[in-house]
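Participant: I'd like to ask some things about the structure below.
The values are calculated or read from the model by the stated rules, or taken from the named source; none is laboratory data. Just so it is clear, the structure is predicted and the values come from calculations on it, not from any experiment. Quick reminder, even Gly has a Cβ in these numbers, built from the backbone with ideal geometry, and neighbours come from all protein chains shown.
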Amino acid sequence: MKASRRTFLAGSVAAVSAGVARTAFAQIARPYAQQATIALNVPLTGELAGAGLQVVQGARQAADEANALATALDRVFFVRTFDDQNRIANAVLAAQFAGDDPSAIAAVGHLSGTVTNAVLQQYANAALPLIVPASTLDDITAHGYRNVFRLPTKDSTEGSLFARMLVTSLHPRTVTAVAQDGDYGYAVAKAFTDRANADKMSAQLIIVPAISLDFTSVARRVTASTPEFVFLAGNTAALGALVPALRGAGFKGRIGASQGFYNTTTIELARDLGADAIISTSMPPLDRVANNYTSLANLRGRYGEVTPLMAFGFAATQLVTNAVRRLGATNRVGALRALRNGGFYDTLVGSFSFLLSGDPLDPNLYFYTIADGKFQFKTASHSSTFLL
């Protein structure tokens, strides 16, 4: 199976709870209040409709929470949804519609990195701030656009942070990274091996075909160099079968994997992964996030289990509402200025300020093991006041 890039957490659809089927509360307008629209561009039909709905749920809850705290002079926020169907042509139209809305103060979207990367120019032309809640594709923040702000940690940074964690915590002498030649995995694996070699580990990178993959043959190739640690850079659907193949080939060392493995399907591989397997992700342990009790409780009360996409949809919208109110922005230019120069903004998934590229100034990565049929938080790539 090709290592297809869809969302930064491949299993978000599988992890969705009964909350997906619940009816979202209506957004209630206040008489005479000035309206600020947040355009939300995600798939609402097709294969990724469930994932898109999770982002919508999080965004609506964040807007409703902001409106509930509004004063008489504050703007009220409305979330206007557009269905990009995870297709570039539809996403271009959605971005144009959003840009043509005079009340639109910012946009949140999309899911696929390929789709997001293809429509950046549309938002730039409209001077509309774009908050990226899901994609980790490096290219999104490599074009120099000053209106793009990404929440999850990008691929190359994830690989580097994972390798740094190994150096400081586990100290393996030999490591091997495996990635497919699709559009997700290589950047993570390349950064991982580059950092590992720079830190005096012996690291090799193995690229395997995206189709007709012989996992037994790959496992023999990986174990031939007798690594102490194997890092899988990809998603569970594409590389998950390599885990039992590695054990069958006699590999007894530790296994790690990138955030494409942070999903319920990976939990089914727990026996072969081992209790000491490490999965990285941009998703923090929400129950340990400082000052988020009320928001988290309200989100759970409305939708049930909080999935990663729901949490990042909430945070993306929260970023916009906080920025607009902090500097009193009245239009998209003011919102863009607030996001660029407004310092740190606390959200459900982290505290964010941004580089000129649009990536977080202080990106973090969270590491989990699997125990008792669920992910257990182990550590973060670095400490912060964000987590209790």
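Participant: Take T193 and decide whether it is under 26 Å from E305 (Cβ atoms) and part of a helix (DSSP H, G or I).
Facilitator: Details: under 26 Å from E305 (Cβ atoms): no; part of a helix (DSSP H, G or I): yes.
When the stated conditions are applied, T193 does not pass them.
Participant: G313 versus (1) crowded, with 21+ Cβ neighbours inside 10 Å; (2) within 30 Å of A275 (Cβ to Cβ): which is the lone unmet condition?
Facilitator: Going through (1) crowded, with 21+ Cβ neighbours inside 10 Å; (2) within 30 Å of A275 (Cβ to Cβ) one by one, G313 breaks only (2).
Participant: List the residue pairs whose Cβ atoms are under 8 Å apart, where the first residue sits in region 222-245 and is among the charged types (D, E, K, R), the second is buried (at least 24 other Cβ atoms within 10 Å of the Cβ), and the two are 6 or more positions apart or on different chains.
Facilitator: Once the first residue is among the charged types (D, E, K, R) and sits in region 222-245, its partners that are buried (at least 24 other Cβ atoms within 10 Å of the Cβ) give E228/V175.
Participant: Same structure again: Consider T168 against the criteria (1) crowded, with 22+ Cβ neighbours inside 10 Å; (2) farther than 19 Å from R332 by Cβ; (3) of a type in the set (V, I, T): it satisfies all of them except one. Which criterion is unmet?
Facilitator: All conditions are met except number (1).
Participant: Looking at (1) touching a Phe, Trp or Tyr at 6+ places or on another chain (Cβ under 7 Å); (2) outside any helix (DSSP H, G or I), which is the one condition that is false for D183?
Facilitator: Going through (1) touching a Phe, Trp or Tyr at 6+ places or on another chain (Cβ under 7 Å); (2) outside any helix (DSSP H, G or I) one by one, D183 breaks only (1).
Participant: So, one more: Quick check on my filter: what residues within region 275-301 are in contact with a Leu (Cβ under 7 Å, 6 or more places away or on another chain) and farther than 28 Å from L170 by Cβ?
Facilitator: N292, S295, L296
Participant: One residue is enough: does region 288-307 have a residue meeting the conditions crowded, with 19+ Cβ neighbours inside 10 Å, over 30 Å from Q61 (Cα atoms) and free of Cβ contacts under 8 Å to residues at least 60 places away in the same chain?
Facilitator: Scanning region 288-307, I find no residue that is crowded, with 19+ Cβ neighbours inside 10 Å, over 30 Å from Q61 (Cα atoms) and free of Cβ contacts under 8 Å to residues at least 60 places away in the same chain, so the answer is no.
Participant: Can you list the strands (runs of 3 or more DSSP E) lying wholly within region 58-145 that have 2 or more residues being in contact with a Lys or Arg (Cβ under 7 Å, 6 or more places away or on another chain) and either under 23 Å from S295 (Cβ atoms) or touching a residue at least 24 places away in the same chain (Cβ under 8 Å) (or both)?
Facilitator: By residue number, 76-83, 104-109.
Participant: Further, regarding this structure: Only one of T321, T330, T294 is assigned by TED's automatic domain parsing to the domain that holds A106 and not in a helix (DSSP H, G or I). Can you tell me which?
Facilitator: Values: T321 fails: not in a helix (DSSP H, G or I); T294 fails: not in a helix (DSSP H, G or I).
Answer to the check: T330.
Participant: OK, next. Could you list all residues from region 171-215 that are β-branched (V, I, T), surrounded by fewer than 20 Cβ atoms within 10 Å (Cβ to Cβ) and farther than 21 Å from D276 by Cα?
Facilitator: At the first step, the residues of region 171-215 found to be β-branched (V, I, T) are 174-176, 178, 188, 193, 206-208, 211.
Still in the list and also surrounded by fewer than 20 Cβ atoms within 10 Å (Cβ to Cβ): 174, 206-207, 211.
Residues satisfying the conditions are I206, I207, I211.
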